[in-house]
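Presented below is the structure to which this report refers.
The values are calculated or read from the model by the stated rules, or taken from the named source; none is laboratory data. Just so it is clear, the model here is predicted, and its values are computed rather than measured. Every residue, glycine as well, gets a Cβ built from its backbone with ideal geometry; the counts of neighbours run over all protein chains shown. Note: accessible area is taken over every heavy atom of the protein model, side chains too, but ligands, DNA and RNA are not part of it. Shrake-Rupley method; radii C 1.70, N 1.55, O 1.52, S 1.80 Å.
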Amino acid sequence: MTDVLDQVEIYQQFIGGEFVDSASGETLDVVNPARDQVIAKVPASGAEDVDRAVQAAAKAFESWRESTPQDRSLILLRIADALESRSEELGRLESRNAGKVTSYAIDEIATSVDLFRFFAGACRQMEGKAVTEYLAGHTSLFRRDPIGVVASIAPWNYPMYMAAWKLGPALATGNTVVLKPSIRTPLSALAFAKIAAEFLPPGVLNVLSGSGADMGDFLVTHPKVRMISITGDTVTGKRIARLASDGVKRLHLELGGKAPVLIFDDADLDLAAETIKAAGYWNSGQDCTAACRVIAGPKVYDEFVDKLADQVRSIKWGDPGEADDLDMGSLIAQAQADKVEGMVGRAAEGPGVQLVVGGNRPARAGAYFEPTLIAGPDQASEIIQDEVFGPVVTVQRFSDEAEAVRWANDVKFGLASSLFTGSIGRAMRVAKALEFGTVWINEHFTLTSETPHGGVKESGWGKDGSMYALEDYTFVKNVMINSGV
């Protein structure tokens with residue numbers, strides 16, 4: 001199947017319930033990375049646009065905070081239904097904007113729908129501690145109240161899905177939002193604004209499309225923004241944390257990852273290899289939880305490398321606009337392909353390293369890199385310690401369980417991990433020892449709306465999904481009553 005050539009579409013930003021151009025009138029090009037082709041123009045938001053959006057959100061908060069959980073729940077359910085009715089259209093838009101496999105992008109819209117439905121129900125079930133007398137003659141009760149205006153900064157690897165992670169709990173708990181999608185992938189967020197505009201009061205949701213350099217800093221430091229929620233790389237997260245510190249703003253940070261996958265000698269190797277094919281190369285490996293760092297037992301290392309190599313060779317990749325049966329599309333940009341190429345090249349020069357599969361950058365239009373498997377890198381090497389964020393998986397050989405756990409934890413990240421074993425005792429023992437926000441057992445990369453996702457160490461803090469996210473977007477208020485009056 002071949003798509004027609006993409007046409008250049010014109011978008012507007014969404015402020016205070018209206019679709020408007022940027023204050024400067026300037027625009028930015030949006031590129032389909034699978035073809036290196038401009039497909040849209042969006043407003044180049046600046047400081048004036050940020051101020052208008054934040055002021056609109058602050059004004060809307062005055063009334064939105066007074067809405068009931070039932071009110072907000074019904075609106076989120078209507079938004080979810082409308083989003084679902086346009087899931088194929090928005091999925092195809094996301095595919096063109098991010099170079100994703102089309103069917104995968106459509107599935108991600110469906111996951112976003114489920115998130116809105118989950119938070120629509122969850123906000124009606126929030127609970128507090130018992131109302132009681134901790135001091136004689138005084139009754140104490142605890143409230144969870146909305147924080148205020150939230151600046152939500154979404155990444156380019158899952159533009160709509162990550163936006164739903166942020167919008168769902170923020171709106172469900174009575175906050176208002178200024179959403180900044182990535183400069184590379186703003187289209188689904190701007191399209192979503194048209195859906196939300198039918199149901200949300202003006203100013204409750206605002207969507208801007210600009211660069212971090214032009215408007216991101218002003219958004220983070222704006223005095224009326226009370227919380228910043230970002231999904232992105234650790235360097236960006238640290239910078240935003242520094243900027244937010246002057247205003248002592250609440251932070252929700254979902255940052256980088258370098259997920260270890262421990263393969264023990266009693267593991268089902270076929271299951272592990274099939275799982276890593278999907279979880280390591282999904283979205284071209286551009287995922288903070290990607291199964292990118294395999295640590296295999298001494299008795300199964302060689303056999304497992306062979307099995308995984310066969311799986312990697314079977315990955316079908318290319319332009320999502322030209323075929324429907326792909327496993328992998330392009331990377332997000334040529335700059336990302338440059339980074340992957342450099343890291344793979346340096347890794348291949350390491351002592352004892354074997355480039356098992358791939359390692360090449362195709363000579364074709366678009367930001368592509370072949371699915372790659374590297375065996376034998378040193379624990380201290382760049383390819384083990386740093387995020388590649390591309391279709392690259394490494395395999396190391398451990399000597400015993402203690403070394404496997406030590407290597408797994410020996411990175412600055414702590415987002416996600418997994419292990420494969422036939423032993424329940426080992427599974428529970430190792431899961432406890434792994435310093436990561438998620439540990440999958442005989443599985444990797446499975447998320448649901450009900451389960452919390454978030455990391456430790458330099459992977460950030462706070463949880464996306466689950467009831468824990470509702471807690472992150474509220475603050476606890478102690479109300480004590482002198483019952484003797």
Notebook entry, point to check: Counting only residues that are among the acidic types (D, E) and in a loop (DSSP other than H, G, I, E, B), how many does the range 303-327 have?
Noted result: 5
Margin query: Suppose we keep only residues that are open to solvent by less than 10 Å² (accessible area, probe 1.4 Å) and of a type in the set (S, T, N, Q) within the range 135-156. Which one would you say is nearest to I332 (Cα to Cα)?
Written below: S152
Item checked: Residues of the range 112-134 that turn out to be modelled with pLDDT of 95 or more, more than 21 Å from the chain's Cα centre (by Cα) and either of a type in the set (F, W, Y) or open to solvent by 20 Å² or more (accessible area, probe 1.4 Å) (or both), as a count -> 2
Check: Restricting attention to the range 227-249, and to residues there that are open to solvent by 50 Å² or more (accessible area, probe 1.4 Å) and among the polar types (S, T, N, Q), which single residue is nearest to F19 (Cα to Cα)?
Finding: T236
Check: Applying the selection to the range 227-266, what residues are touching a residue at least 60 places away in the same chain (Cβ under 8 Å) and of a type in the set (A, V, I, L, M)?
Finding: M227, I228, I230, I240, L251, L253, L255, A259, V261, L262, I263
Checklist line | Residue identified as open to solvent by less than 50 Å² (accessible area, probe 1.4 Å), within 29 Å of Q125 (Cα to Cα) and at pLDDT 95 or above among S85, S67, S22 | finding: S67
Check: Is it fair to say F436 is open to solvent by 10 Å² or more (accessible area, probe 1.4 Å), at pLDDT 95 or above, of a type in the set (A, V, I, L, M, F, W, C) and under 27 Å from A337 (Cα atoms)?
Finding: no
Notebook entry, point to check: Got a sec? Which of G91, G99 is of a type outside the set (D, E), free of Cβ contacts under 8 Å to residues at least 60 places away in the same chain and either exposed (fewer than 15 other Cβ atoms within 10 Å of the Cβ) or out of contact with any Asp or Glu (no Cβ under 6 Å at 6 or more places or on another chain) (or both)?
Noted result: G91
Notebook entry, point to check: With (1) surrounded by fewer than 24 Cβ atoms within 10 Å (Cβ to Cβ); (2) in contact (Cβ under 8 Å) with a residue 60 or more places away in the chain; (3) over 24 Å from K477 (Cβ atoms) as the list, and K224 as the residue in question, which single condition is left unmet?
Noted result: (3)
Item checked: Test: A213 is without any contact (Cβ under 8 Å) to a residue 60 or more places away in the chain, out of contact with any helix residue (DSSP H, G or I) (no Cβ under 8 Å at 6 or more places or on another chain) and small (G, A, S) -> yes
Margin query: Let me confirm something: among G256, G212, G285, G280, which residue is small (G, A, S) and open to solvent by 10 Å² or more (accessible area, probe 1.4 Å)?
Written below: G212
Next item on the list: Determine which member of the set A404, A337 is more than 28 Å from L434 (Cα to Cα), modelled with pLDDT of 95 or more, part of a helix (DSSP H, G or I) and of a type outside the set (D, E).
Entry: A337
Item checked: Positions within the range 33-92 being of a type outside the set (G, A, S), in contact with a Ser or Thr (Cβ under 6 Å, 6 or more places away or on another chain) and closer than 29 Å to H222 by Cα, in sequence order -> K41, V42, P43, D49, F61, W64
Notebook entry, point to check: Is there any pair with a first residue in the range 391-409 that is at positive phi and a second that is at pLDDT 95 or above and assigned to a loop (DSSP other than H, G, I, E, B) whose Cβ atoms are under 7 Å apart and which are 6 or more apart or on different chains, and what are they?
Noted result: none
Margin query: Checking the conditions here, which among A337, A367, A363 is open to solvent by 50 Å² or more (accessible area, probe 1.4 Å) and over 17 Å from V294 (Cβ atoms)?
Written below: A363
Item checked: Hits in the range 451-470 - residues which are open to solvent by 50 Å² or more (accessible area, probe 1.4 Å) and part of a helix (DSSP H, G or I) -> K457, E458, M467, Y468
Margin query: Tell me yes or no: at least one residue of the range 179-200 is of a type outside the set (V, I, T), in contact with a Lys or Arg (Cβ under 6 Å, 6 or more places away or on another chain) and farther than 30 Å from A404 by Cα.
Written below: yes
Next item on the list: Say whether the condition of being assigned to a helix (DSSP H, G or I) and not acidic (D, E) is met by at least one residue in the range 432-450.
Entry: yes
Check: Among the strands (runs of 3 or more DSSP E) confined wholly to the range 16-97, which include 3 or more residues that are over 30 Å from Q334 (Cβ atoms)?
Finding: 18-20
Notebook entry, point to check: Looking at the range 163-190, which of its residues are open to solvent by less than 10 Å² (accessible area, probe 1.4 Å) and of a type in the set (A, V, I, L, M)?
Noted result: A163, A164, L167, A170, L171, A172, V177, V178, L179, L187, A189, L190
